[in-house]
Amino acid sequence: MEPQVRLQADRLRVVRGGKQVLSGVSFTVARGEVYGLLGGNGAGKSTTLATFLGFVPVVSGRVVVNGVDVGIDRPAARRAMAYLPEAASLYEHLDARENLRYFLELAGVACGAADIEAALDRVSLAGEARGLQLRGYSKGMRQKVAIALALLRDTDILLLDEPTSGLDPTAIDEFHDLVRGLADAGKAVLMVTHDVYGACQVADRIGLLRSGRLVDQFSAPAGGRIDTETVHRAFSAKAP
Ligand SMILES: Nc1ncnc2c1ncn2[C@@H]1O[C@H](COP(=O)(O)OP(=O)(O)OP(=O)(O)O)[C@@H](O)[C@H]1O
Ligand SMILES: [Mg+2]
């Protein structure tokens, strides 16, 4: 049977540059679930994603992706995930379609022209922009191309590092609807963000990281949303 738990962090401890940056971090993300990982700058959010991808070794603890221990079979774990990095690197001299074709080929994903147009439709990238080199794009337009690339990988799991940074409010709302739809269709989404409001709008559960520790978790009530005020208060609270 397919595992319901798609991502599992189990008592993660990570050291970077001689400093402990994750301490005893444990959480899971199930099929159909959006998990929002909140925290201030340097809290360890991107590091958490990096451990799932096997970019950063763990000192102790385990990361498991679709039942595969990342420490044992990193390639198999990576195949199950599409990753949207904090700063996506796309080619400035290629247009949106060429970027997507190039990176999908690199990832060994077969996609036709219609799939690419459909993904660009889903992220609402204007039709007239699609054939222009990225060097003329705004930050938000680039982000849309990066999001389209993650969607086209069509993996069970999405790891998103501040996916809405650079998007305008309308695009943010559309993106959250898109993420919600993906989860409702069975994907597992781990989304790193600073945006309390956005996280509450879309997440089934939220984990709050502070100085490498998961200090709070919030769950949406059945049929409802996580309360923004409560999370905001916890986020803004001073460390004891
Ligand atoms: N490549 C690296 N080498 C050494 N230390 C690093 C490296 N990357 C991150 N760190 C340290 O790890 C800690 C956590 O960083 P991380 O990037 O995970 O934070 P973050 O929560 O994603 O922050 P932000 O919101 O600013 O993106 C920080 O103290 C940072 O200085
Ligand atoms: Mg980060």
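Residues that are assigned to a strand (DSSP E or B), within 25 Å of residue 139 (Cα to Cα) and at pLDDT 95 or above: does the range 94-101 have at least one? Give the steps one after another, and end with the answer.
If we filter the range 94-101 for residues that are assigned to a strand (DSSP E or B), which is where we start, we get 95.
Right, trim to within 25 Å of residue 139 (Cα to Cα) and you get 95.
Narrowing the set further to residues that are at pLDDT 95 or above leaves 95.
Scanning the range 94-101, I find at least one residue that is assigned to a strand (DSSP E or B), within 25 Å of residue 139 (Cα to Cα) and at pLDDT 95 or above, so the answer is yes.
In the range 24-33, which residues are more than 16 Å from ligand 2 (Cβ to nearest atom) and closer than 12 Å to residue 62 by Cα?
The initial filter retains those residues of the range 24-33 that are more than 16 Å from ligand 2 (Cβ to nearest atom), namely 24, 26-33.
Across the range 24-33, the qualifying residues are 24, 26, 27, 28.
If you take the residues of the range 163-189 that are surrounded by fewer than 19 Cβ atoms within 10 Å (Cβ to Cβ) and within 16 Å of ligand 2 (Cβ to nearest atom), which of them is farthest from residue 6 (Cα to Cα)?
So the residue we want is 166.
Go through the residues of the range 83-100 one by one and say whether even a single one is of a type in the set (Phe, Trp, Tyr) and either in the same structural domain as residue 238 (by TED's automatic domain parsing) or within 16 Å of ligand 1 (Cβ to nearest atom) (or both). Give the steps one after another, and end with the answer.
Keep residues of the range 83-100 that are of a type in the set (Phe, Trp, Tyr), which gives 83, 91.
From the residues that got through so far, the ones that are either in the same structural domain as residue 238 (by TED's automatic domain parsing) or within 16 Å of ligand 1 (Cβ to nearest atom) (or both) too are 83.
Yes: one or more hits.
The values are calculated or read from the model by the stated rules, or taken from the named source; none is laboratory data. Model, not experiment: these values are computed from the prediction. Cβ coordinates were reconstructed from backbone atoms using ideal geometry, including for glycine residues, and neighbour counts include every protein chain displayed.
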